[in-house]
1. Would you point out the residue of the stretch 18-35, among those that are touching a Ser or Thr at 6+ places or on another chain (Cβ under 9 Å) and part of a helix (DSSP H, G or I), that is surrounded by the fewest Cβ atoms within 10 Å (Cβ to Cβ)?
2. State yes or no: is residue 66 surrounded by fewer than 20 Cβ atoms within 10 Å (Cβ to Cβ), free of Cβ contacts under 8 Å to residues at least 40 places away in the same chain and either over 23 Å from the mean Cα position of the chain (by Cα) or in the same structural domain as residue 21 (by TED's automatic domain parsing) (or both)?
3. Which one of 26, 42, 12 is of a type in the set (A, V, I, L, M), at pLDDT below 95 and not assigned by TED's automatic domain parsing to the domain that holds residue 156?
4. On the basis of being among the hydrophobic types (A, V, I, L, M, F, W, C) and at pLDDT below 95, does residue 158 make the cut?
5. Count, please, the residues in the stretch 36-57 that happen to be loosely packed, with under 11 Cβ neighbours inside 10 Å and either among the small types (Gly, Ala, Ser) or more than 22 Å from the chain's Cα centre (by Cα) (or both).
6. Based on this model, can you work out whether residue 128 counts as surrounded by 14 or more Cβ atoms within 10 Å (Cβ to Cβ), over 16 Å from the mean Cα position of the chain (by Cα) and farther than 18 Å from residue 52 by Cβ?
7. Condition check: at pLDDT below 95 and surrounded by fewer than 16 Cβ atoms within 10 Å (Cβ to Cβ). Does residue 138 satisfy that?
8. Inside the stretch 166-185, can you point out the residues that are touching a Gly at 6+ places or on another chain (Cβ under 7 Å) and of a type outside the set (Asp, Glu)?
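The values are calculated or read from the model by the stated rules, or taken from the named source; none is laboratory data. From a predicted model like this one, the values you see are computed outputs, not experimental measurements. Here the Cβ is made from the backbone with ideal geometry for all residues, glycine too, and neighbour counts use every protein chain on show.
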Amino acid sequence: MLDDINEDIDGISSETAGGREKRGTIADGLERAERAQFTELIPASTQGRVGFLLGKLTGGTKALAARLGVSQRTVQRYRAGTVTRPRAAAREALEDETCEHWQQDVRAEARQRAASTGFTISTRAVFGFDAGAGTSDSPRPRLLTQRISGTHAAAIIAAREAGATDDQLTDMVGEALADAYFRNEGNRTANLKVHLRDIEYIDMSF
């Protein structure tokens with residue numbers, strides 16, 4: 001109990017977002033899709049997760065502390081097993097960090113498969129339309145589930161890995177949905193422009 005209290009005190013000044021950047025809406029959806037492919041659960045304990053990460057990351061406990069937004073001393077306690085219950089923000093960051101580095105081969109295979117055959121997008125968002133020549137439809141919410149092509153999927157995955165912004169990824173997803181659903185792969189309204197905005201939720205299934 002005392003160690004848990006000390007961990008709280010030790011982490012108050014440093015427990016922030018650390019070196020992690022918040023993922024955008026599209027990147028987060030892609031991340032969840034990859035994690036759904038895991039064939040084994042991540043380590044259940046704080047000590048197990050820290051041990052796993054220290055074996056994967058360079059820079060030791062200092063680097064991991066910066067990523068988690070806690071002090072180096074706190075990470076050392078996690079590793080030793082003297083602190084087993086991190087504060088909420090650190091616990092969430094530790095789980096997220098572990099998932100990001102878990103079963104990299106499985107994740108890579110999932111991305112490769114999705115880039116080849118496409119993946120399914122389910123979303124509730126606002127779609128706006130512009131058919132050219134001054135015509136347009138007022139943006140309105142839609143609930144849509146649609147499989148996109150491997151060509152679009154590969155481009156979206158590659159853009160995410162290259163560090164594309166969430167706005168850029170959103171535009172790419174909008175174009176993919178436009179091509180697959182609203183333009184029906186060129187079989188109707190080939191010049192239709194689709195604008196995807198105000199995403200309420202979005203899920204991807206590889």
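1. Among those that are touching a Ser or Thr at 6+ places or on another chain (Cβ under 9 Å) and part of a helix (DSSP H, G or I), it is 25.
2. No.
3. Exactly one residue qualifies, and that residue is 12.
4. When the stated conditions are applied, residue 158 does not pass them.
5. Counting residues in the stretch 36-57 that are loosely packed, with under 11 Cβ neighbours inside 10 Å and either among the small types (Gly, Ala, Ser) or more than 22 Å from the chain's Cα centre (by Cα) (or both) gives 2.
6. For residue 128, the condition - surrounded by 14 or more Cβ atoms within 10 Å (Cβ to Cβ), over 16 Å from the mean Cα position of the chain (by Cα) and farther than 18 Å from residue 52 by Cβ - is met.
7. Yes, satisfied.
8. Answer for the stretch 166-185, where residues must be touching a Gly at 6+ places or on another chain (Cβ under 7 Å) and of a type outside the set (Asp, Glu): just 169.
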